[in-house]
Amino acid sequence: MSPAHLTSANSSDNLSTDKNYPYSDNYGIRGTVVSESGHTWRKVFMALPVEADRVRSWTAGHVAHEDAPLVANELFVAVLGNRPESIEMTISTAGPRMRITATGQAPLPILQVHGPGALVIKGLSRSSGITTCVCGLWAQLTAPEATHE
């Protein structure tokens with residue numbers, strides 16, 4: 001029996017999203033299980049333009065992806081345009097993926113969501129979007145595949 005704080009999905013929740021077929025519990029059919037470990041870092045920055053440099057440095061100190069500091073900067077600046085009191089930056093990793101999120105305190109207007117920085121974010125990230133609270137933006141990057149010589 002699993003611990004009380006862990007729950008299992010109801011059978012109705014265990015559906016394939018594209019066809020609504022139940023997923024099989026047989027790993028031979030679904031594929032092999034690959035465990036991915038990851039880390040999450042959070043830091044609250046003052047909502048000031050001069051903090052953008054600290055955001056880039058903080059990001060570079062946690063992930064090695066060459067585009068991550070620029071993406072974090074653009075996310076920070078986009079949320080900064082809404083004039084929040086502070087901006088919480090979050091970096092989460094799982095396997096080769098990393099997600100960078102910038103969140104303020106108020107819903108973002110359309111200009112911050114689709115402004116000039118959105119082109120940079122979209123060009124450098126695998127996917128991006130707005131947070132579910134509508135107060136922030138996120139971008140997901142993937143570590144470049146190793147090349148073999």
More than 16 Å apart - percent of Cα-Cα pairs taken over segment 50-96: 35
Segment 91-149 shape via C-alpha gyration tensor axes, a/c threshold 1.5: oblate
Order of exposure, largest accessible area first, which applies to Glu74, Glu88, Glu66 with probe 1.4 Å: Glu66, Glu88, Glu74
Rounded, prolate or oblate (a/c below 1.5 giving rounded, otherwise prolate when a/b exceeds b/c) for segment 27-126 by Cα gyration tensor: prolate
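The values are calculated or read from the model by the stated rules, or taken from the named source; none is laboratory data. Keep in mind that what you see is a predicted model, and the values were worked out from it rather than measured. These accessible areas exclude ligands, DNA and RNA; they are computed on the full protein's heavy atoms, side chains included. Shrake-Rupley method; radii C 1.70, N 1.55, O 1.52, S 1.80 Å.
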